[in-house]
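Only one structure is covered here, and it is reproduced in the block below.
The values are calculated or read from the model by the stated rules, or taken from the named source; none is laboratory data. Predicted model, so just to flag it, every value in this text is computed and none were measured. Here Cβ is always computed from backbone atoms with ideal geometry, including for glycine, and neighbour counts include all displayed protein chains. All accessible areas refer to the heavy atoms of the entire protein, side chains included, with ligands and DNA or RNA removed. Shrake-Rupley method; radii C 1.70, N 1.55, O 1.52, S 1.80 Å.
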Amino acid sequence: MEISVNEGILDLNERAASENRKLFDRHGLLVINIMGSPGAGKTTVLEKTIDVLIDSVRLAVIEGDIYTSKDARRIEKHGVPVRQINTGGACHLDARMIRKALDEFDLENIDLLIIENVGNLVCPVEFNLGEDIKVAVLSITEGDDKPLKYPLLFKESAAVILNKIDLLDFTDVDMDSLRRDIRKINPVVDIFEVSARSGEGIDDWVRWIIKKVKEKTE
Amino acid sequence: MHELALMAGVFDIVKKYTAELPDKKVTRVTLVVGELTNAVPEALESSFQVYAKGTNVEGAELIVRRIPLTALCVECRWEGKVEEYTFICPKCSGLGLEIKTGRELYVESMEVE
């Protein structure tokens with residue numbers, strides 16, 4: 001006997017994500033989901049971002065990690081509320097994990113929630129969290145072939161941060177071709193070239209966030 | 001390896017549809033998977049085996065129907081296959097390509113006996 005089903009495999013997560021989104025919208029809270037490989041520099045970018053943003057935006061952070069709370073401890077030192085989610089083996093955060101973590105925050109007094117996803121170029125992007133914006137962090141030392149190898153992340157992201165730009169001279173990366181590939185996949189994406197280590201380029205990226213926060217809260 | 005997580009979703013659906021058919025054995029599950037998803041067919045297959053073991057799905061055939069990535073140009077109305085993930089219209093060079101197919105990720109049907 002043949003049974004017709006036609007049900008989305010991710011439907012459960014999608015429903016939880018849209019509940020999250022309603023909650024975020026009700027509180028006028030902008031939510032950014034940051035994704036990228038392990039070692040791309042997501043946490044370092046975030047640390048530099050917090051240091052600039054902290055005077056103008058009320059922000060909080062959710063740190064996703066498989067087992068440890070190392071990143072949350074780093075973020076904590078920058079004086080913002082942070083909550084660690086350990087996925088216990090899973091390669092991505094999902095919407096229900098986020099929902100649970102939200103109980104720990106005073107959402108009414110936050111304008112921006114930044115979620116750092118588990119380090120992984122593949123899995124996290126399939127699982128919507130209810131965020132307004134996805135952002136990809138790619139370090140140039142990973143090579144300029146990554147966008148075409150992992151197109152979905154670059155397609156879904158509103159911004160791409162190309163990190164470790166200070167190391168360009170030590171790589172064979174062709175920046176023009178890297179930018180071209182990203183724009184081929186996503187012609188409307190904003191690209192920021194930064195060095196989280198030196199702070200180069202962080203100001204432009206922070207101005208972009210502030211603009212997005214204003215758009216959401218006004 | 002999020003295919004295991006995806007497969008958990010597949011089996012939630014399978015269970016829902018077979019809850020009232022306790023004596024039935026599932027012999028086939030058909031998934032529809034778009035080109036612009038991060039689900040790898042081989043990994044889906046091995047995750048399927050893991051979840052099926054010891055259930056009424058054990059031994060069932062998994063069919064993965066792949067759907068190509070296609071788009072529609074909002075400017076010149078060109079419609080066709082997107083090559084190499086290039087979201088620039090091959091006809092008018094417009095940047096407004098809307099995805100038509102290629103993001104599917106669903107259970108299409110099951111066969112039970």
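Amide hydrogen proximity for B:LEU31: with H placed 1.01 Å from N in the peptide plane, the residues at 5 or more positions away or on another chain lying under 5 Å are B:ILE63, B:VAL64, B:ARG65, B:GLU108. When the solvent-accessible area of the protein assembly as shown is split by element, carbon and sulfur atoms take up 49 percent of it, the probe being 1.4 Å. Residue by residue, region A:53-61 carries 3J(HN,Hα) couplings of 6, 4, 7, 10, 10, 7, 10, 9, 10 Hz when phi is fed to the Karplus relation 6.51 cos²θ - 1.76 cosθ + 1.60 (θ = phi - 60°); x denotes Gly or Pro. On a per residue basis, region A:11-217 carries 42 Å² of accessible surface, using protein heavy atoms and a 1.4 Å probe. Would you mind classifying region A:5-64 by shape? Square roots of the alpha carbon gyration tensor eigenvalues, ordered a ≥ b ≥ c; an a/c under 1.5 is rounded, otherwise it is prolate if a/b is larger than b/c and oblate if not. Since a/c reaches 1.5 but b/c is at least a/b, the shape of region A:5-64 is classed as oblate. Along region B:101-113 the Karplus relation, 6.51 cos²θ - 1.76 cosθ + 1.60 evaluated at θ = phi - 60°, assigns HN-Hα couplings of 9, x, 10, 5, 7, 8, 8, 8, 7, 9, 10, 10, 8 Hz to successive residues, with x for each Gly and Pro.
Round to the nearest 10 and give me the degree value, 0 to 90, for the angle of helix B:3-18's Cα axis relative to the longest principal axis of chain B. Compared with the principal axis, the helix lies near 60 degrees. Considering only B:THR55, B:THR18, B:THR30, the Gaussian network model of chain B with Cα springs below 10 Å gives its largest mean-square fluctuation to B:THR55. Estimated from the Cβ-Cβ distance and a Förster radius of 22 angstrom, the FRET efficiency linking B:CYS76 and A:ASP176 is about 0.20.
A cut-off under 9 angstrom between Cβ atoms defines the neighbours of A:ILE34, and their net charge, with Lys, Arg +1 and Asp, Glu -1, is +1. Inter-label distance, A:ARG26 to A:MET1: 4.1 nm, where each label sits 7 Å from its Cα along the C-beta direction. Taking amide H positions as modeled 1.01 Å from N, with prolines and chain starts lacking one, the residues under 5 Å from B:GLY80 and 5 or more places away or on another chain are B:ALA71. Label-to-label distance for B:LYS100 and A:LYS70 is 4.8 nm, based on points extended 7 Å past Cα in the beta-carbon direction. Which of B:ILE67, B:ILE99, B:ILE88 moves most in a GNM of chain B, Cα contacts under 10 Å? Highest fluctuation of the listed residues: B:ILE88. The label point for B:LYS15 and the one for B:VAL64, both projected 7 Å from the Cα toward the Cβ, are 2.3 nm apart. Expressed as a fraction of 2.2 N^0.38 Å, the value expected for a compact globular protein of N residues, the C-alpha radius of gyration of chain B is 1.34. Per residue, the convex hull spanned by the Cα atoms of the protein assembly as shown measures out at 150 cubic angstrom.
Backbone phi angles across region B:61-75, fed through the Karplus curve with coefficients 6.51, -1.76 and 1.60 (θ = phi - 60°), yield HN-Hα couplings of 8, 9, 10, 10, 9, 8, 10, x, 7, 10, 8, 10, 7, 6, 8 Hz in residue order; Gly and Pro are listed as x. Secondary-structure-derived ellipticity at 222 nm for the protein assembly as shown, considering helices only, amounts to -10000 deg cm²/dmol, per-run term -39500 (n - 2.57) for DSSP H runs with n ≥ 4.
If you take all other residues with their beta carbon under 11 Å from the beta carbon of A:LYS155, and give Lys and Arg +1 and Asp and Glu -1, the sum is +2. Taking amide H as placed 1.01 Å from N in the peptide plane, the amide H of A:GLY36 sits under 5 Å from that of A:ASN120, A:VAL137, each at least 5 places away or on another chain.
Accessible surface buried by the B/A pair amounts to about 2700 Å², both sides summed, 1.4 Å probe.
Taking a Cβ cut-off of under 13 Å around B:ALA52, the surrounding Lys, Arg, Asp and Glu residues balance to a net charge of +1, with basic ones at +1 and acidic ones at -1. Dividing the convex hull volume of the alpha-carbon atoms in region A:94-218 by its residue count gives 118 Å³ per residue.
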